[in-house]
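Heads up: the structure comes next, in structure tokens.
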Amino acid sequence: MAVMILLGAGMIGLGRAQDHEGPMSALRFVVVRDSDGKPVRNAEVVLHPVKRKGKQAKGEMELKTDAEGRTNIEGIPYGPLRVQVLAPHFQTFGEDFEINKAEMEITVKLKRPGGQYSIYENHEDEKKPQ
């Protein structure tokens, strides 16, 4: 199934490349745990084109990482690209990148979720504003 998703995303990328004139990039993604650098398998890497003023454009591409935490795609036009990475038991990652080279590798370090603040827990040792 992951192969089908990768092939489908590649087809979308190729379709976009045919509509766009100008330089194209081959992107490689490596998704690892922030705590120990181990790869994150089956992480979802979602690519969103970005229009002027940072607004997200229509059309997205979804990729899945392999057992080594890697995935790639070719035919991405130069310019701003919003990258989101989602994986169970990790915080969602999101950042905008400027695609400006024929080949780029982007490493994403996913963090574990932080603890939630509860009003039902004892917080006596915390400093109160004066």
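The values are calculated or read from the model by the stated rules, or taken from the named source; none is laboratory data. Model, not experiment: these values are computed from the prediction. Counting neighbours? That spans all protein chains shown, and the Cβs are built from the backbone with ideal geometry, glycine included. Side chains are part of the model used for accessible areas, which takes the heavy atoms of the whole protein and leaves out ligands, DNA and RNA. Shrake-Rupley method; radii C 1.70, N 1.55, O 1.52, S 1.80 Å.
Extending 7 Å from the Cα toward the beta-carbon at both Lys101 and Asp36 defines two label points whose distance is 3.0 nm.
Element breakdown for segment 58-114 at a 1.4 angstrom probe: carbon and sulfur atoms account for 45% of the accessible area. Geometric descriptor of segment 23-130, per residue, is 168 Å³ (volume of the convex hull of the Cα atoms). Computed from label points 7 Å out along Cα-Cβ, the spacing between Asp125 and Lys109 is 2.7 nm. With a cut-off of 14 Å between beta carbons, the residues surrounding Lys53 carry a summed charge of +3, where Lys and Arg count +1 and Asp and Glu -1.
A protection proxy built from the mean count of other Cβ atoms within 10 Å ranks the segments 92-102, 22-32, most packed first, as 22-32, 92-102. Its Cα centre serving as origin, segment 24-130 has a Cβ charge dipole (Lys and Arg +1, Asp and Glu -1) of approximately 380 debye.
Solvent exposure of segment 31-126 amounts to 68 Å² per residue of accessible area, where only protein heavy atoms count and the probe is 1.4 Å.
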